[in-house]
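First the structure, in the form of structure tokens, and then the observations on it.
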Amino acid sequence: METSTELKQTPLREKHIALGAKMVPFAGYEMPVQYTGVTDEHHSVRSAVGVFDVSHMGEFRVQGPQALELLQWVTSNDVSKLTDGKVQYSCLPNEQGGIVDDLLVYRIAENDYLLVVNASNMDKDWNWIQSQNRFDVTLRNDSDNYALLAVQGPKAIEALQSLTKADLSAISYYTFVIDTFAGVENVIISATGYTGAGGFELYVPTDKAEMVWDAVFKAGEAAGIKPAGLAARDTLRLEMGFCLYGNDINDTTSPIEAGLGWITKFSKEFVNSVNLKAQKENGVSRKLVGFELVDRGIPRHDYPIVDPQGNEIGIVTSGTMSPSTGKAIGMGYVNTAYSAEGADIAISIRSKAIAAKVVKLPFYKA
């Protein structure tokens, strides 16, 4: 009998095992963390093309005469700016000033949207949006119907163009088309991803996932295509200063503190907008910053951040040794007085203060 502790699997699990992937539990799923190694996979995505299985992500369909009204209320960004074929990064604010989740909003057609949410928050997000739905809207959880491949890197078009008649070079950043891909109809081909390396995300029917995976690797062979795991996905997103839910943002961090004011639009009313607007106008006591270590060491999640006198002023939310820059980098919340670019801070690593400096994001610039 199945228990609630059993891990879910993506439809591509057997492919990962055949490729020798190291599998780990992640967000309730068994997922590939690496294949040939984090650094190798990271560089493959930055210089050529890599493929991530992100089928664990959640997909909710939002349809009905008041679909826009519901999304304007539950998300922080201005959904009215979307037209068919456009995508928007946004977040779901909660009533306490924090963030339920960050997500993508796809406008399929008028009164028809697709939300893409984090796997770890799927049930929480679903319940939250349902609880706010006092509109003429039908919600459908399509998460089990989609497999999702993120084909990322500067050679993504070269690797994929032979598999579709859609002109991939015409799909600009944060737009999408729905077309036949690798012989499969109605694939969402989206110029999105969380690596900063360019490329596409492919939303494929679950039962066609293995077929599309094989076609992508065959077509991309000359471009040097490689599979990539969760560990490289994390180093790539951190180099870009992209937030990871559960690390850099959560139920207690506000979008204003997290530097997400650009997706928080006060041209409309939304959940907790009055309080968040006051934060924006009056300032916040802490801010999420990027930093580079000046001395040797690697910052890790939950390490204390201290001032030059050793007083605790914040906490590390993400940290790694950046494969692209060769520097130890991280993000964390600090007292606003220490949030300016160039501010001298230190990271407490095993009770030793390692000098660091606040830097402007992103860490990596192509």
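The values are calculated or read from the model by the stated rules, or taken from the named source; none is laboratory data. Predicted model only: the values in this text are computed from it and were never measured. Cβ atoms come from the backbone with ideal geometry, glycine included; neighbour counts cover every protein chain shown.
Per-residue answers, yes or no, for (1) assigned by TED's automatic domain parsing to the domain that holds residue 33; (2) surrounded by 21 or more Cβ atoms within 10 Å (Cβ to Cβ):
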site: 221; (1), (2): yes, no
site: 246; (1), (2): no, no
site: 258; (1), (2): no, yes
site: 266; (1), (2): no, no
site: 277; (1), (2): no, no
site: 291; (1), (2): no, yes
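Yes or no: the stretch 305-315 includes at least one residue that is assigned to a loop (DSSP other than H, G, I, E, B), within 30 Å of residue 198 (Cβ to Cβ) and in contact (Cβ under 8 Å) with a residue 12 or more places away in the chain. Don't jump to the end; show me each part of the working.
So in the stretch 305-315, the residues assigned to a loop (DSSP other than H, G, I, E, B) come out as 307-311.
Narrowing the set further to residues that are within 30 Å of residue 198 (Cβ to Cβ) leaves none.
No, the stretch 305-315 contains no residue that is assigned to a loop (DSSP other than H, G, I, E, B), within 30 Å of residue 198 (Cβ to Cβ) and in contact (Cβ under 8 Å) with a residue 12 or more places away in the chain.
Tell me which residues, restricted to the stretch 269-301, are under 19 Å from residue 91 (Cβ atoms), in a loop (DSSP other than H, G, I, E, B) and touching a strand residue (DSSP E or B) at 6+ places or on another chain (Cβ under 8 Å). 270, 271, 272, listed by residue number. Residue-level check: of (1) assigned by TED's automatic domain parsing to the domain that holds residue 200; (2) closer than 16 Å to residue 125 by Cα; (3) buried (at least 18 other Cβ atoms within 10 Å of the Cβ), residue 28 misses just (3).
Within the stretch 302-317, does at least one residue satisfy the condition of being in contact with a strand residue (DSSP E or B) (Cβ under 7 Å, 6 or more places away or on another chain) and closer than 30 Å to residue 72 by Cβ?
Within the stretch 302-317, the subset in contact with a strand residue (DSSP E or B) (Cβ under 7 Å, 6 or more places away or on another chain) is 302-308, 310, 312-317.
Still in the list and also closer than 30 Å to residue 72 by Cβ: 317.
Checked against the condition, which is being in contact with a strand residue (DSSP E or B) (Cβ under 7 Å, 6 or more places away or on another chain) and closer than 30 Å to residue 72 by Cβ, the stretch 302-317 yields at least one hit.
Of the residues examined, residue 152 is not one that is assigned by TED's automatic domain parsing to the domain that holds residue 225, surrounded by fewer than 18 Cβ atoms within 10 Å (Cβ to Cβ) and polar (S, T, N, Q).
Take the residues in the stretch 223-237 that are more than 16 Å from residue 18 (Cα to Cα) and of a type in the set (D, E, K, R); name whichever of them is surrounded by the most Cβ atoms within 10 Å (Cβ to Cβ). The selected residue is 233. Just one of (1) buried (at least 16 other Cβ atoms within 10 Å of the Cβ); (2) touching a Gly at 6+ places or on another chain (Cβ under 8 Å) fails for residue 298. It is (1).
So which residues in the stretch 232-241 are touching a residue at least 60 places away in the same chain (Cβ under 8 Å) and either outside any helix (DSSP H, G or I) or farther than 12 Å from residue 290 by Cβ (or both)? If the condition is that a residue be touching a residue at least 60 places away in the same chain (Cβ under 8 Å) and either outside any helix (DSSP H, G or I) or farther than 12 Å from residue 290 by Cβ (or both), then 232, 233, 234, 235, 236, 240, 241 are the ones that fit. Exactly one residue among 62, 51 is over 22 Å from residue 275 (Cβ atoms) and within 16 Å of the chain's Cα centre (by Cα), and that residue is 51.
Within the stretch 99-122, the residues that satisfy the criterion of being farther than 26 Å from residue 288 by Cβ and free of Cβ contacts under 8 Å to residues at least 60 places away in the same chain are 107, 109, 110, 111, 112, 113.
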